[in-house]
Amino acid sequence: MSQPRLVQSTELSFKSRYGTVLQAFRDGKGTEEQLRELLANAKNHELYPDQLRAMMKDSKILEFAEDLCHLGATYLGYGSTILSTILLRKSHEDIFVLNFSFSLSQTPEWDETIDLFRELLRGNNNNSNNNKSLMLAVDCDAVGQLLDKVYICHYRNSRVVVEDLLEHRKVLMSNCTMQYDSDALDRSMTIKPVSRRPVKVSCPNSSCDQSLRCQWVCASCCCLVEYGHVDDRLYCDCGATPFYRWTFKCRDQTHGTKWSPYDRSTLAQLLDKLTPFDELNILILG
């Protein structure tokens, strides 16, 4: 029997029994205890409104999880292996983790985040087996994790690369971005030179507007890229990288999807001409 018909049948049965017991009570043939027992049994029934609401919620979560699993995700919920254990296995270079709670399904970022995760799943299915990422959907209600917002976290070699992929993409879409050669990055360079200068140069792609001096952000950490000046390195929150080990992609629609490199000597000249940050004159009133 379908769920709606089962609910309707149960409701009719309860009304019939309730009417019989209530009439008997009014005629002096029934007892108050019989009425209490009938109501108690109804509250304990699997189709009592509270149980129905819980059942509907569980059904929606199950349907949601099955949809993601069908697209290639692995669902982590009650009794599943915990995320930290999976990360320690290092079975995949890249792991994308959707952290969700159905209590957040009405929040503004829910639809965008879920759509992005489905997009990632479909793209991952087109990759060869050797290049596939591990796609995890973590039910934070089931694993006992408090969640403020639904988000996708990108791990590479078990380290967080991007904390919130949706927000990260929005930043990239609204800025001109630079990408460093990961082999050349020095993560130990956490202290930036005082005399550093913000990188404001035109895009090296010949199809783009060469008169536009763009302000560039790092494609990984989304912070401003700054020229060290004293050591010929470019700095961001990821660390420091030699200036010639970067590629560029601006917002110009003619740029396309590929990253464009600069001629080393040309970029060196442009960087040497950069001006420092505007000095702030602070007047302290005493």
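The values are calculated or read from the model by the stated rules, or taken from the named source; none is laboratory data. Since the structure is predicted, the reported quantities are computational estimates derived from the model, not experimental observations. Ideal geometry is used to build each Cβ from the backbone, glycine not excepted, and the neighbour counts take in all protein chains shown. Ligands, DNA and RNA are excluded from the accessible area calculation, which covers all protein heavy atoms including side chains. Shrake-Rupley method; radii C 1.70, N 1.55, O 1.52, S 1.80 Å.
Here are the numbers for the structure shown:
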item	result
Solvent-free Debye scattering, log10 I(q)/I(0), computed from the Cα coordinates of region 76-185 at q = 0.14, 0.20 Å⁻¹	-0.63, -1.23
Hz values of 3J(HN,Hα) by residue in region 197-207 - Karplus curve (6.51, -1.76, 1.60), Gly and Pro given as x	10, x, 6, 10, 9, 6, 6, x, 5, 5, 7
Cβ-derived FRET efficiency at R0 30 Å, Val160 paired with Ser195, nearest 0.05	0.45
Accessible area of region 168-286 divided out per residue, in Å², using a probe of 1.4 angstrom	62 Å²
Förster radius 51 Å - calculated FRET efficiency between Ser265 and Lys149, Cβ distance, rounded to 0.05	0.65
Inter-probe distance in nm under a simple model that places probes 7 Å from Cα toward Cβ, at Ser80 and Gln210	5.3 nm
Percent accessible area from carbon and sulfur atoms, region 140-232, protein chains only, probe 1.4 Å	47 percent
Residue pairs, from the table Lys90/Lys200; Lys90/Lys149; Lys249/Lys273; Lys132/Lys200; Lys60/Lys249, whose Cα atoms sit over 30 Å apart	Lys90/Lys200; Lys132/Lys200; Lys60/Lys249
Karplus (6.51, -1.76, 1.60) ³J(HN,Hα), θ = phi - 60°, over region 68-73, in Hz, Gly and Pro reported as x	5, 5, 4, 7, x, 7
Summed residue charge, Cβ within 10 Å of Cys153's Cβ, Lys/Arg positive, Asp/Glu negative	-2
Sites Arg89 and Asn131, calculated FRET efficiency, Cβ-Cβ separation with R0 22 Å, nearest 0.05	0.75
Cβ crowding within 10 Å averaged over residues, with 198-209, 234-245 ranked highest first	234-245, 198-209
HN-Hα J in Hz across region 156-169 - Karplus 6.51, -1.76, 1.60, θ = phi - 60°, x for Gly and Pro	10, 6, 6, 10, 5, 9, 9, 6, 9, 5, 5, 5, 4, 5
5 angstrom amide H check on Leu71, placed H, neighbours 5+ away	none
